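To start, the structure under review is shown below, and the notes come after it.
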């Protein structure tokens with residue numbers, strides 16, 4: 001189903017720099033007086049307490065890990081994402097269903113089962129994949145954190161007893177899934193080795209194209225015209 005709003009998502013391995021880019025995009029769109037709503041992975045007020053508790057106590061299997069994050073996603077999806085798309089907002093998502101595809105499949109979940117779980121989720125107008133060489137992404141994370149968390153490092157996979165080595169293997173598996181989704185899911189690649197400014201320029205060009213036929217809600221358009229008129233009078 002097509003909605004008057006637009007959904008733009010960013011994806012990538014940990015350390016890809018996608019969160020910086022979506023923050024800059026949000027500030028730019030707001031400065032242009034677009035109605036913007038931002039959401040991020042694993043942030044449901046209803047679910048995140050239980051997620052943290054389960055992770056802390058190492059209670060999650062690959063399947064329950066997948067299901068608890070799906071619960072988080074659909075809580076935000078039904079409460080925030082869909083209603084805003086219906087009313088014409090530009091929804092920016094720091095991670096979307098492709099994060100579940102990459103992480104859950106890397107953890108050994110059946111690919112068809114994972115995709116079926118999210119089959120009702122609306123497809124984005126633009127899905128940006130910030131592609132980063134594994135060594136660069138891993139270096140960014142390890143240089144910025146004193147310690148890796150158990151699930152973050154993929155320790156539950158049992159591939160290594162060393163958290164750093166486990167993290168490298170886990171992120172490599174996730175990257176393989178993202179690379180496969182470039183074609184299968186239509187992800188648009190951003191070279192995340194370029195400067196922040198160069199990446200943001202590319203992002204804004206792609207977003208502008210995705211918004212070419214976008215019509216903001218009437219109340220927003222009236223505000224934009226009023227703001228433009230006020231600015232013109234000041235000059």
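Before moving on, here are some points about what is shown:
- Scanning the stretch 43-81 for residues being surrounded by fewer than 19 Cβ atoms within 10 Å (Cβ to Cβ) and closer than 27 Å to residue 211 by Cα gives a total of 6.
- Per the listing 115, 123, the residue uniquely assigned to a loop (DSSP other than H, G, I, E, B), at pLDDT 95 or above, within 17 Å of the chain's Cα centre (by Cα) and surrounded by fewer than 20 Cβ atoms within 10 Å (Cβ to Cβ) is 123.
Yes/no per residue for (1) touching a strand residue (DSSP E or B) at 6+ places or on another chain (Cβ under 9 Å); (2) touching a residue at least 24 places away in the same chain (Cβ under 8 Å); (3) surrounded by 12 or more Cβ atoms within 10 Å (Cβ to Cβ); (4) not in a helix (DSSP H, G or I):
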position: 166; (1), (2), (3), (4): no, no, yes, no
position: 181; (1), (2), (3), (4): yes, yes, yes, no
position: 189; (1), (2), (3), (4): yes, yes, yes, yes
position: 198; (1), (2), (3), (4): yes, no, yes, no
position: 202; (1), (2), (3), (4): yes, no, yes, no
position: 212; (1), (2), (3), (4): no, no, no, yes
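Per-residue answers, yes or no, for (1) touching a helix residue (DSSP H, G or I) at 6+ places or on another chain (Cβ under 7 Å); (2) farther than 27 Å from residue 86 by Cα:
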| position | (1), (2) |
| --- | --- |
| 153 | yes, yes |
| 171 | yes, yes |
| 177 | yes, yes |
| 194 | no, yes |
| 204 | yes, no |
| 210 | no, no |
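- Subset tally (residues that are free of Cβ contacts under 8 Å to residues at least 12 places away in the same chain, more than 24 Å from residue 110 (Cα to Cα) and part of a helix (DSSP H, G or I)) for the stretch 37-66: 4
- Residue match in the stretch 26-40 (condition: under 14 Å from the mean Cα position of the chain (by Cα) and surrounded by fewer than 15 Cβ atoms within 10 Å (Cβ to Cβ)): yes
- Breaking point among (1) more than 17 Å from the chain's Cα centre (by Cα); (2) over 16 Å from residue 142 (Cα atoms); (3) in contact (Cβ under 8 Å) with a residue 40 or more places away in the chain; (4) part of a helix (DSSP H, G or I), for residue 193: (4)
Residue-by-condition table, conditions (1) touching a strand residue (DSSP E or B) at 6+ places or on another chain (Cβ under 6 Å); (2) under 23 Å from residue 171 (Cβ atoms); (3) at pLDDT 95 or above:
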position: 8; (1), (2), (3): yes, no, yes
position: 14; (1), (2), (3): no, yes, no
position: 22; (1), (2), (3): yes, yes, yes
position: 33; (1), (2), (3): no, no, no
position: 45; (1), (2), (3): no, no, no
position: 53; (1), (2), (3): no, no, no
position: 57; (1), (2), (3): no, no, no
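- The number of residues in the stretch 84-104 that are under 11 Å from residue 124 (Cα atoms) and in a strand (DSSP E or B) comes to 4.
The values are calculated or read from the model by the stated rules, or taken from the named source; none is laboratory data. All figures in this text were calculated on a predicted structure; none of them were measured in a lab. Methodologically, a virtual Cβ is constructed for each residue, glycine included, from the backbone with ideal geometry; neighbour enumeration extends over all protein chains shown.
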